[in-house]
1. With a point put 7 Å past each Cα toward its Cβ, work out how far ARG596 is from GLU577 in nm, to one decimal.
2. Can you tell which of LEU70, PHE452, GLY591 lies farthest toward the positive end of the dipole of the chain, using +1 and -1 charges on the Cβ of basic and acidic side chains (Lys, Arg; Asp, Glu)?
3. If you take every residue apart from LEU294 with its C-beta less than 10 Å away from the C-beta of LEU294, what net charge results, scoring Lys and Arg +1 and Asp and Glu -1?
4. Suppose the chain between GLN41 and GLU513 were pulled fully straight at 0.36 nm per residue; how much longer would it get relative to their current alpha carbon spacing?
5. Which whole-angstrom value gives the distance between the alpha carbon centres of segment 469-539 and segment 264-295?
6. For the peptides 542-549, 211-218, what is the packing order when you average, over each peptide's residues, the other Cβ atoms within 10 Å and list the highest mean first?
7. What translational D, rounded to a whole number of µm²/s, comes out for segment 292-335 from Stokes-Einstein when the hydrodynamic radius is the Kirkwood one over Cα pairs, at 20 °C and 1.002 mPa s?
8. May I ask you to derive the FRET efficiency for LYS543 and TYR379 from their Cβ-Cβ distance with R0 = 41 Å, giving the value to the nearest 0.05?
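None of the figures in this text is laboratory data; all of them are computed from the coordinates on show. Note that the coordinates shown come from a computational prediction; the quantities given were computed from them, not determined experimentally. Because the Cβ atoms are built from the backbone with ideal geometry, glycine has one as well, and the counts that use them run over all protein chains shown.
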Amino acid sequence: MTSLSLRLPRVLSFFSLTILCTFVSTPCARATISYEVSLAQPGQHLFHVTMNIPDVQGELLLQMPAWNALYEIRDFSSRIQRLEGTADSQPLSVEKIDKQTWRIFAKNQITVHYAVYWDTAGPFASQLNEEHAFVNPAMVLMYVPDRRNEAAALSFHDIPAGWQIATTLNTQTEGKDSSVHTFLAGTYDLLADNPLEIGTFKIFDIDGTAPRISVAVHGDDWKQADIESTLTKICNYEIALMGGAPFRRYLFIFHIGKAAQGAGGGMEHADGTAINLRSGAQIAGVSAHEFFHLWNVKRIRPASLEPIDYTREQYSRALWFAEGVSSTYGSYTLVRSGVWSKRDFYDDLARQINELESRPANRWQSAEQSSMDTWLDKYDYYNGPEFSVSYYTKGQVLGVLLDILIREHTNDAHSLDDVMRDMNEEFARKGKTYRDSLDVRLTTEKVAGGSFEEFFRKYVANAEPFPYEILLTKAGLRLQQQEIVRAELGFSFARDTNGKSVVRSIEPASTAERAGLQVGDELGQFNGDNIPRRAESWLRNKKPGDELHLRVLRREQAVDLTFTLGGKSESVFAISEDPQAPPRARAIREGLLSGRAVPAVAAGAALH
């Protein structure tokens, strides 16, 4: 992978920085624990951190989170170098007592110094190089376990010339020196939930949205007009759907094209999101999903995820709803706002059904169990079709089926939209968490005026086959099977512990085998581009006979291989409208596509 290198002076006063901030929490008069982060020599990929901790009375414990952004134990402490403590300029004895915890004995104020290594692209990591810095604070900043509720301050030093900072953290100018800017957070957890982009990115606001929504883009292969048009439709629709915005300012951070370095996906935060994409043309789906997280998961929050425990796995049965139903609303948003046609919506729903039904694990792993088992996602074999099914996929399909059933029970007077708005009122706006699937069911029954115990018992808590045809028929839709020929690679690959994509298996007599590909080859490029994160997604836009140019590293030697993609016949599901559907079913179908029960929607978005 190649990237543009900016060789800039390493020192820049904060007076010349563009600081993008919003007042999303009560401003702190003075933070108790402060962090100073130096970006000197960014080519070394080391964040140099100074942590100042006042009011120490004897034993002090320091910890580094074991997880953040992903539901995976990733042990960020493994990236720490040279941790030292001082008090009154005198060195302190620092004892490490487990993989992520250090102990220091001192009085009054102490200072801790350490460096932490990060050069990993993507919204689920952090990165420092000569192009930019992207900071997920929980991956860089340690905390004092019993003082996480105290205010925190964060400042950056030795920033390369011309770089600017984008974040939703509050900022405060201290004293008379207007060149010193400090970012503030009411607690460590609030600090951890506010990433920062630092570099020479493009920054602009989305016109026609209220409150203010800003976009910071680092990378290439994107058009501002296209991003503005798409995000305007998405954001206006979802704000109207949920009865108003829960923020005073929102920030999209995009890494696009070469800057994404092959890392894809998005990560939601309290008042923003960070998203990596290969091209600006891909922003719609992930942006609609991540923006909806403003409500579902960030504010409509399962009790099983609170309070946050950074030291161990935090199990939840509700991720099918928090993530999967957010995907339901991602697709609803796109079709209802006019970004998608209804054909796009049907095709996407059919893809989710095909994904579920192609995985043997769908027969035994329930939506709740898939949610609980998310901590196993880091193991490549667990992601195989025999071992697991995605709570994203299962939850998205469950959301649509549940919506149809609510509409059918209420003669289309109520819908899943009402469930989301009711949960927003009863939990998010009252500062309460919900009891995983139980409160989702009880809210559904309140909205629909009847029991949904059987639906949740069969299809959420257990893995009984989904009644696709029965429920889709109630929405005037037909589920049909058809034979198609799909492109196939002829080999499989997975990321190793170092993040490298390595060939794991090769199908006998495949074009890949005949071209000379070998198990253990390290993949470097697909058709001159980054290695796709998921082969299935990459193959969707290919057909049998298309050429694939691979560059691999074999015994430290680069090898170029070219072969055509093979093909395999398979039966897949397709969704179409039933022209003979009765009026009641047609009304439910139109309700899914238009969301016509949304209040004041005419002012927020044009329905398609």
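1. 1.3 nm
2. Of LEU70, PHE452, GLY591, it is GLY591.
3. Working: positive: LYS298, ARG299; negative: GLU238, GLU268, ASP271, GLU290.
Once positives and negatives cancel, what remains is -2.
4. Working: separation 472, 0.36 × 472 = 169.92 nm, distance 4.44 nm.
Computed gain between GLN41 and GLU513 is 165.5 nm.
5. Their Cα centres are 24 Å away from one another.
6. My ranking of the peptides, most packed first, is 211-218, 542-549.
7. Working: Rh = 11.3 Å.
Approximately 190 µm²/s, per Stokes-Einstein.
8. On the way: r = 32 Å, r/R0 = 0.78.
That pair, LYS543 with TYR379, gives E of 0.80.
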